[in-house]
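For reference, the structure is listed below as structure tokens.
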Amino acid sequence: ASAQIGVTGLAVMGRNLARNFARNGYTVALHNRTPARTHDLVKEFGHEGDFAPAEAPEDFVAALERPRRLMIMVKAGAPTDAVIEEFAPLLEPGDMIIDGGNAHFADTRRREKDLRERGIHFVGTGISGGEEGALHGPSIMPGGSTESYASLGPMLEKIAAKAKDGTPCVTHIGPDGAGHFVKMVHNGIEYADMQLIGEAYQLLRDVAGYSPAEIAEIFRTWNTGRLDSYLIEITAEVLSHIDEATGKPFVDVVQDQAEQKGTGRWTVQIALDLGVPVSGIAEAVFARSLSGHSALREASRHLAGPKPAPLSKAEAGAFADRVEQALYASKIVSYTQGFHEIATGSEEYDWDIDLGEVASIWRAGCIIRAAFLDRIRAAYDARPDLPSLLSDETFAQEIAAAQDDWREVLVAATRQGVATPGFSAALAYYDALRAERLPAALTQGQRDFFGAHTYRRTDRPGSFHTLWGGDRSEVEA
Ligand code: NBP
């Protein structure tokens, strides 16, 4: 028993995480349902470090030093339950099972409770960064007990990505499902980021008349400024790529139907349950599903739209600058919504999540990594109880500076008939938060009219009902 960690599930993610641990000096026990994967790993990468391959689950467990740290990297859902049931009976009190898959946080809460009753620490861990991140340093979001983090944390800190200031991109997020919850919202924000970038691209193409190669250059320029991020960087790469078979821009030969695996959808479903307005993230999820409805889109092609009037070359440059403002402002809003969801989840489940720390560990390794996250961390450091990112003075000033251009971009999009659900939802959220009065007062009146649902008044406490069907006098409810 000499391995500090064991990894079972050696597909792309598990294999690369195992190599990352080994490259950092740990002895790594290896196991996979199909033993060939285990042997292939040792054959190909055995020289990278100390591996202890095992075929039988008993041998795998026996290779681990106590307390055991057993990481599961299998397909989320039923396979994860099957693997837990396979290994839990072989473990002893104090041992840890780490689930690094994309589990739903409710499953993680259930598994954690069950294993806690059996004396085993269950560490539901969000891992972002894809295949490359797993190997070179992902952003890691572990939940579970404080005790398990004390044992596991130093190892995770070694293999995690490091932010520019050297801070490892891992922190103990909070108990039970906290880590997987935060990973879920990370992915929701990722959907929103991608949608906003997509809208910026479409506007630059259809309104400003730029080619994909020209737009790639615009994104490269943006990536040297406040939008500096992994997603902007890869967008420029994708847009400048030419399809070998046809010689056309790659983006013109790919079917325009976006797929999804579920974490974005979960973010919105849970937000609905928690009553958190994540309209930008929701629009991003809906935009993907809309794109996939080919019959609906085909049937709707005859619908009337405005006559497009592309901008002149001189106007196009100014418009591109405006789109940058709109993209940045909308991005602030989607992060505001995502962090609001994390804060609300933390309160609902008693997780005590440090939002500044979350921003900090997203600065490197993960898909939404961006210079921008340094700013979010600074905002929460300055004021940990910040009710909303938009309450931060710096962000509020930046949006104030961007808003005229943001509105102009949406005017142009509307005139030219380009769908911008992400930009529009973000602006609507911003304007609704700013509004002195919302039409919600009227909604309350309607509800009281048809359902006697009562309302509260602005001038005195209590609940009231108007006798709409009678003399319309008001009674206290
Ligand atoms: P997959 O999600 O493709 O899962 C393949 C692995 O699961 C193989 O090792 C397979 O064993 C094992 N497995 C299955 Br399927 N059913 C099993 C069962 N009933 N019992 C035991 N093992 C079983 O692998 P992945 O893409 O490496 O992802 C692993 C986890 O990491 C997933 O939860 C994923 O959502 C998450 N994740 C992935 C990424 C990414 O970029 N791919 C990023 C972040 C998180 P076999 O070899 O015997 O078939």
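Backbone geometry of the stretch 6-17 corresponds, through the Karplus equation with coefficients 6.51, -1.76 and 1.60 at θ = phi - 60°, to 3J(HN,Hα) couplings of x, 10, 10, x, 10, 6, 3, 6, x, 4, 6, 5 Hz, x marking Gly and Pro. Normalised by the number of residues in the stretch 1-128, what is the relative contact order in percent for Cα pairs under 8 Å and 6+ residues apart? 24 percent.
Let me make sure I get this right: for the stretch 37-89, a, b and c are the square roots of the gyration tensor eigenvalues over alpha carbons, sorted descending. Under 1.5 in a/c it's rounded, otherwise prolate if a/b > b/c, else oblate. Which is it? The shape class here is oblate.
Let's test the formula: R0 of 45 Å, r as the Cβ-Cβ distance of Glu244 and Glu436. What FRET efficiency results, to the nearest 0.05? Efficiency, rounded to the nearest 0.05: 0.20.
Computed with a 1.4 Å probe over protein heavy atoms only, the accessible surface of the stretch 366-477 comes to 59 Å² per residue.
Reported to the nearest whole Å, the Cα centre-to-centre distance from the stretch 281-318 to the stretch 1-47 is 46. Whole-Hz Karplus values for the stretch 344-350 come out as 6, x, 4, 5, 4, 9, 6 Hz, taken residue by residue from phi with 6.51 cos²θ - 1.76 cosθ + 1.60 and θ = phi - 60°; glycine and proline positions read x. Taking 0.36 nm per residue of sequence separation and removing the Cα-Cα distance, the Glu58/Leu272 pair yields an extension gain of 72.7 nm. For the stretch 160-191, list residues with backbone N below 15 Å from a point placed 7 Å from the Cα of Arg23 toward its Cβ? Residues 160-162 fall inside that zone. Rounded to the nearest 10 degrees, the inclination of helix 78-87 to the longest alpha-carbon principal axis of the chain is 30 degrees.
The stretch 115-157 and the stretch 65-89 have Cα centres lying 13 Å from one another.
Between Arg457 and Asp252, the modelled label-to-label distance comes to 6.6 nm, taking each label 7 Å out from Cα in the direction of the beta carbon. With the Cα gyration tensor of the chain giving a ≥ b ≥ c as the square roots of its eigenvalues, does the rule (a/c under 1.5 for rounded; else a/b larger than b/c for prolate; else oblate) give rounded, prolate or oblate? It is oblate, given that a/c is not under 1.5 and a/b is not larger than b/c. Given an 8 Å cut-off on Cα distances and at least 6 residues of separation, report the relative contact order of the chain as a percent. Reported relative contact order: 13 percent. As a length-normalised measure over Cα pairs under 8 Å and 6 or more apart, the relative contact order of the stretch 411-477 settles at 15 percent.
Within the stretch 394-430, whose backbone N sits under 15 Å from a point 7 Å along Cα→Cβ of Arg226? Under 15 Å, as judged by backbone N against the label point of Arg226, lie 394-407 of the stretch 394-430. Once backbone amide H atoms are built at 1.01 Å from N, Ile5 has Thr27, Ala29 as its partners under 5 Å, excluding neighbours fewer than 5 places away on the same chain. Which of Leu70, Leu115, Ala56 sits closest to the plus end of the dipole of the stretch 52-159, meaning its Cα is farthest towards the positive end, when Lys and Arg get +1 and Asp and Glu get -1 on the C-beta? Projecting each Cα onto the dipole axis, the largest value belongs to Leu115. Helix 440-451 and the longest principal axis of the Cα set of the chain meet at an angle near 90°.
Shape class for the stretch 183-260: oblate, because the ratio a/c of the largest to smallest gyration tensor axis (alpha-carbon atoms, square roots of eigenvalues) is 1.5 or more and b/c is at least a/b. Compared with the alpha-carbon gap, the fully stretched path from Ile234 to Glu408 is longer by 59.9 nm at 0.36 nm per residue.
Separation of the stretch 326-375 and the stretch 186-207 by C-alpha centroid, Å? With the stretch 326-375 and the stretch 186-207 each reduced to a Cα centre, they are spaced 18 Å. Say each of Glu86 and Ser289 gets a label point 7 Å from the Cα, pointing the same way as Cα to Cβ; how far apart are those two points in nm? Here the modelled spin labels are 3.4 nm apart. Compared with the dominant Cα axis of the chain, that is its longest principal axis, helix 263-274 is turned about 60°. Rounded to the nearest Hz, the phi-derived 3J(HN,Hα) couplings of the stretch 189-197 under the Karplus curve 6.51 cos²θ - 1.76 cosθ + 1.60 (θ = phi - 60°) are 5, 4, 4, 5, 3, 5, 5, 5, 5, where x marks glycine and proline.
Backbone N atoms of the stretch 58-96 closer than 20 Å to the 7 Å Cα→Cβ label point of Glu117 belong to residues 78, 80-96. Take the Cβ atoms of Ala11 and His47, set R0 to 22 Å, and the FRET efficiency comes out at 0.55.
The values are calculated or read from the model by the stated rules, or taken from the named source; none is laboratory data. Quick caveat: nothing in here was measured; it's all calculated off a predicted structure. Note that each Cβ is placed from the backbone with ideal geometry, even for glycine, and that neighbours are counted across all protein chains shown. The protein model used for the area step is the full one, side chains on, heavy atoms only, and it has no ligands, DNA or RNA in it. Shrake-Rupley method; radii C 1.70, N 1.55, O 1.52, S 1.80 Å.
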